[in-house]
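Student: Starting off with a structure, shown below.
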Amino acid sequence: MKLSIIVPIFNEAATAATLLDQIMALSLDGVEKEIVIIESGSTDGTTEIVRRYEERPGVSVIYEDKPRGKGAAVRRGLAKVTGDVVVIQDADLEYSVSDYPRLLEPFKRGEADIVFGSRGLDPRQRWQYRQFRGLWERLYGLVVNWGGLFYTHLFNLLYGTNLTDGATMFKLFRRPLLEGITLRSDVFDYDWELQGKLAKRGYKIVEMPVSYKARSRAEGKKVRFWRDGWRVLVAIVRYRFFD
């Protein structure tokens, strides 16, 4: 099996090297790794960090002249990957690469074409996976948690799925499934467009529990519920009935 790891990076100087080192060091039995980094014109020194990896075996880097959004970066990566299975990996260390072996098991056993890493399946987290210090950050985390829960239930209702965590970053899928699918979203709504179009084709999504360590806005979290939440809502409804 060949695993293509798409890493969209923008202004992640504090964590980029750690994440990329973890991916490089990760040994997966019987799995070849292909790493495609999309560097979106960072201004905090991330570009210089990424340059240290561009000559490594199995690594290719796409440099964007300016940030166009995570969805746009992922599309650039999807156009380049050649693996059997694809995973999108954020560089902020919220999700751990140590979960890769567990997430790949359903593919190795021939039991799945799509695997989601669900934060909701961990009984220690369930829907309370964003917990921060400070009153306002805790309230914000609660709102985002409930928002993700609401969007997941809405998605299940419209697409006939049974997901516990539709907002997870960890989405793995066999690359041929995307043939004939055109992805249009440029920002954080791309997740919902991708899974919506795959669900409409009748592909079953298998969920596996994963670990998660949320970072706050002060630590560099880029998603803003008040700004991005409406885009997600529109995407869920739009791609159910239109392309």
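Student: Considering only DSSP states other than H, G, I, E and B, which GluC sites (Glu not before Pro) in the range 1-93 qualify as loop sites with at most 10 other Cβ atoms within 10 Å?
Tutor: For GluC sites (Glu not before Pro) across the range 1-93 that sit outside H, G, I, E and B with at most 10 neighbouring Cβ atoms in 10 Å, the list reads E55.
Student: Continuing with the same structure: So what's the chain giving for Rg/Rh, alpha carbon basis, Kirkwood Rh from the mean inverse pair distance?
Tutor: Result: Rg/Rh = 0.93.
Student: Something else now. Restricting to DSSP loop positions (anything but H, G, I, E, B) with no more than 10 other Cβ atoms inside 10 Å of their own Cβ, which trypsin sites (Lys or Arg not before Pro) remain in the range 46-128?
Tutor: Listed in order of number, the matching sites are R109, R124.
Student: How many Å² of accessible area per residue for the chain, probe 1.4 Å?
Tutor: 48
Student: While we're here: At 0.36 nm per residue, and after removing the present C-alpha to C-alpha distance, how many nm does the segment from F241 to E54 gain when stretched out fully?
Tutor: Answer, rounded to one decimal: 63.2 nm.
Student: Sticking with this structure for a sec: Just to be sure I understand the model, the point goes 7 Å from the Cα along the line to the Cβ. What's the resulting F150 to K108 distance in nm?
Tutor: The modelled label-to-label distance comes out at 4.1 nm.
Student: Can you work out ³J(HN,Hα) from phi for every residue in the range 106-119, in order, using Karplus 6.51 cos²θ - 1.76 cosθ + 1.60 and θ = phi - 60°, giving whole Hz and x for Gly and Pro?
Tutor: These are the phi-based 3J(HN,Hα) values: x, 5, 4, 7, x, 9, 8, 9, 9, 10, 10, x, 9, 6 Hz.
Student: Mark the label point 7 Å from the Cα of K2 along Cα→Cβ and return the residues of the range 42-70 whose backbone N is within less than 15 Å of it.
Tutor: Only 57-60 pass the distance filter.
The values are calculated or read from the model by the stated rules, or taken from the named source; none is laboratory data. Bear in mind the structure is a predicted one, so any value in this text is a computation, not a measurement. For neighbour counting, all protein chains shown are included, and Cβ atoms are generated from backbone atoms with ideal geometry for every residue, glycine included. Ligands, DNA and RNA are stripped out before the accessible areas are found, and what is left, the full protein with its side chains, is counted by its heavy atoms. Shrake-Rupley method; radii C 1.70, N 1.55, O 1.52, S 1.80 Å.
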